[in-house]
1. For segment 1-58, name all the residues that are closer than 14 Å to PHE130 by Cβ, polar (S, T, N, Q) and open to solvent by 50 Å² or more (accessible area, probe 1.4 Å).
2. On the given criteria, is TYR61 open to solvent by 80 Å² or more (accessible area, probe 1.4 Å), of a type outside the set (Asp, Glu) and in contact with an Asp or Glu (Cβ under 9 Å, 6 or more places away or on another chain)?
3. Inside segment 30-59, can you point out the residues that are aliphatic (A, V, I, L, M) and either touching a Phe, Trp or Tyr at 6+ places or on another chain (Cβ under 8 Å) or assigned to a loop (DSSP other than H, G, I, E, B) (or both)?
4. State which residue pairs qualify: first residue within 17 Å of CYS120 (Cβ to Cβ) and in contact (Cβ under 8 Å) with a residue 40 or more places away in the chain and inside segment 1-26, second residue in a loop (DSSP other than H, G, I, E, B) and open to solvent by 50 Å² or more (accessible area, probe 1.4 Å) in any location, beta carbons under 6 Å apart, and separation of 6 or more residues or different chains.
5. Applying the selection to segment 89-119, what residues are on the phi > 0 side of the Ramachandran plot and at pLDDT 95 or above?
6. In segment 139-149, which residues are at pLDDT below 90 and open to solvent by less than 100 Å² (accessible area, probe 1.4 Å)?
7. So the check is Cβ under 8 Å with 6+ separation or different chains; which pairs have a first residue in segment 134-149 that's farther than 11 Å from PHE62 by Cβ and a second one that's open to solvent by 100 Å² or more (accessible area, probe 1.4 Å)?
8. Looking only at segment 67-116, how many residues end up being in contact with a helix residue (DSSP H, G or I) (Cβ under 6 Å, 6 or more places away or on another chain) and within 27 Å of SER133 (Cβ to Cβ)?
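The values are calculated or read from the model by the stated rules, or taken from the named source; none is laboratory data. As the structure is a prediction and not an experimental result, all values here were calculated from the model. With ideal geometry, Cβ positions are generated from the backbone for all residues, glycine too; neighbour counts draw on all protein chains shown. Side chains included, ligands, DNA and RNA excluded: accessible areas come from the protein's heavy atoms. Shrake-Rupley method; radii C 1.70, N 1.55, O 1.52, S 1.80 Å.
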Amino acid sequence: MSGPQVGFFCSSCRRYNVYALPLAGDAGLCVECGHRDSPAPSASLLAFGPIDRCPQCENLYFYTRKDFPQQLGCAAVTATIVLSSVAYALWDVPAAVAVLAFASLADFALYHRLSEVTVCYRCHAELRGFAPSPEHGPFDMHRAEEYDA
């Protein structure tokens, strides 16, 4: 898929699905259970402009984050902790510091290469490839708790 994409979680089985804009016949169709969520993108989204409302739930509030799988990031941190501990046990402090320095450099390089994804606070739909909006800042825990309540 190329162009702007919307990733969403099926309201029936919670499986992650993706569709591209402009809408095709299978947009909103879950590949796992066959349930169809009916996306309703705004005119701004169809023109590939700034994100003004969520095409899945029509929410108006979003946050941005780096487009990197969170589970993979946690696995990388865990692996760095284990490797630096092993290096410390076998070769002492300089080896452990070297492992941590290498992990920091890799993180720095990834951070600057990865693009941003805009995420809906309500339904957690991920919108990729749209024009950035200055209104969408980083994750706000207070706003997220408002939607969880």
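1. Within segment 1-58, just SER2 meets the criteria.
2. Judged against the criteria, TYR61 is a match.
3. Once the filter is applied, which keeps residues that are aliphatic (A, V, I, L, M) and either touching a Phe, Trp or Tyr at 6+ places or on another chain (Cβ under 8 Å) or assigned to a loop (DSSP other than H, G, I, E, B) (or both), segment 30-59 yields VAL31, ALA40, LEU45, ALA47, ILE51.
4. These pairs meet every condition: PRO4/PHE48; PRO4/GLY129; GLN5/GLY129.
5. Result: no residue meets the conditions.
6. Matches in segment 139-149: TYR147 only.
7. TYR147/ARG122
8. 0
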